[in-house]
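Below: the structure, in structure tokens.
The values are calculated or read from the model by the stated rules, or taken from the named source; none is laboratory data. All of these numbers come straight from a predicted model, not from anything done at the bench. In this analysis, Cβ positions are derived from the backbone assuming ideal geometry, glycine residues included, and neighbour counts consider all displayed protein chains.
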Amino acid sequence: NAGVTQTPKFRILKIGQSMTLQCTQDMNHNYMYWYRQDPGMGLKLIYYSVGAGITDKGEVPNGYNVSRSTTEDFPLRLELAAPSQTSVYFCASSWGARADTQYFGPGTRLTVL
Amino acid sequence: RKEVEQDPGPFNVPEGATVAFNCTYSNSASQSFFWYRQDCRKEPKLLMSVYSSGNEDGRFTAQLNRASQYISLLIRDSKLSDSATYLCVVIPNAGNMLTFGGGTRLMVKP
């Protein structure tokens, strides 16, 4: 099993550009999550999904959109990139909603200039 | 007040030392508690859950103090490989999403 994979690993965007961060898991997990981690800070939940076709906002959803058309994929869309979105983005998945089952991808480092 | 607070450190300790970190949480109704480990520029990985009665996993011991609303992590006989950031994680209510602390950085020196 590859676990949770994310692409790209790194990206530099100009202000106002858009992009999609890809996340795929091969563990047949129901739950998937997107977090962002700013330097020296903990992770903040952006969006999560409890199954295909179901998504919900987390703590910091503004400026982002998600979709979940399949169990495996949970892409995160940035429509109008802003410098405040410079961060490391982690995707995670779990069978249930409990922390001890969450598996994280390697992250995407995004810089918006 | 932040929901989950940690001393950012760094804690600089020699190999073989015992070191302890605390983490305080603001919601008295919090249900579940965990410690995650995050290596530099890597993803977080679950280190251990924290149970009401306390629990131990090798050199690591986790404790929960509900009255004072904090959890702790004790590392005995520190190894160089223990150098990492330790994230305190709380689930505020049953079934709710994780809330992360900012992490405590540990550096173990030879």
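Structure summary
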item: Where A:Met27 falls short, out of the listed (1) surrounded by 15 or more Cβ atoms within 10 Å (Cβ to Cβ); (2) at pLDDT 95 or above; (3) part of a loop (DSSP other than H, G, I, E, B); (4) not charged (D, E, K, R); result: (2)
item: Residues of the range A:51-76 satisfying the condition of being over 12 Å from A:Ala92 (Cβ atoms) and either of a type in the set (Gly, Ala, Ser) or within 10 Å of chain B (Cβ to nearest Cβ) (or both); result: A:Gly51, A:Ala52, A:Gly53, A:Asp56, A:Glu59, A:Gly63, A:Ser67, A:Ser69
item: Set A:Gly96, A:Gly63: member being of a type in the set (Gly, Ala, Ser), in contact (Cβ under 8 Å) with a residue 12 or more places away in the chain and within 25 Å of B:Leu46 (Cβ to Cβ); result: A:Gly96
item: Pick from the range B:79-110, criterion among the hydroxyl-bearing types (Ser, Thr, Tyr) and surrounded by fewer than 20 Cβ atoms within 10 Å (Cβ to Cβ), ranking: farthest from the other protein chains (Cβ to nearest Cβ); result: B:Ser81
item: Residue count for the range B:54-100, restricted to those that are outside any strand (DSSP E or B), at pLDDT below 95 and either acidic (Asp, Glu) or touching a Leu at 6+ places or on another chain (Cβ under 6 Å) (or both); result: 1
item: Residue list for the range B:8-24, filter: within 12 Å of chain A (Cβ to nearest Cβ) and within 13 Å of the chain's Cα centre (by Cα); result: B:Pro8, B:Gly9, B:Cys23
item: Residue under evaluation A:Met41, criteria (1) within 12 Å of chain B (Cβ to nearest Cβ); (2) of a type outside the set (Lys, Arg); (3) touching a Leu at 6+ places or on another chain (Cβ under 7 Å), criterion not met; result: (3)
item: Filtered residue count, the range A:66-88, keeping only those that are in contact (Cβ under 8 Å) with a residue 24 or more places away in the chain, within 20 Å of A:Val50 (Cβ to Cβ) and either in contact with a Cys (Cβ under 9 Å, 6 or more places away or on another chain) or not in a strand (DSSP E or B) (or both); result: 7
item: Options B:Glu56, B:Glu5; residue that is over 25 Å from A:Thr5 (Cα atoms), out of contact with any Pro (no Cβ under 6 Å at 6 or more places or on another chain) and within 11 Å of another protein chain (Cβ to nearest Cβ); result: B:Glu5
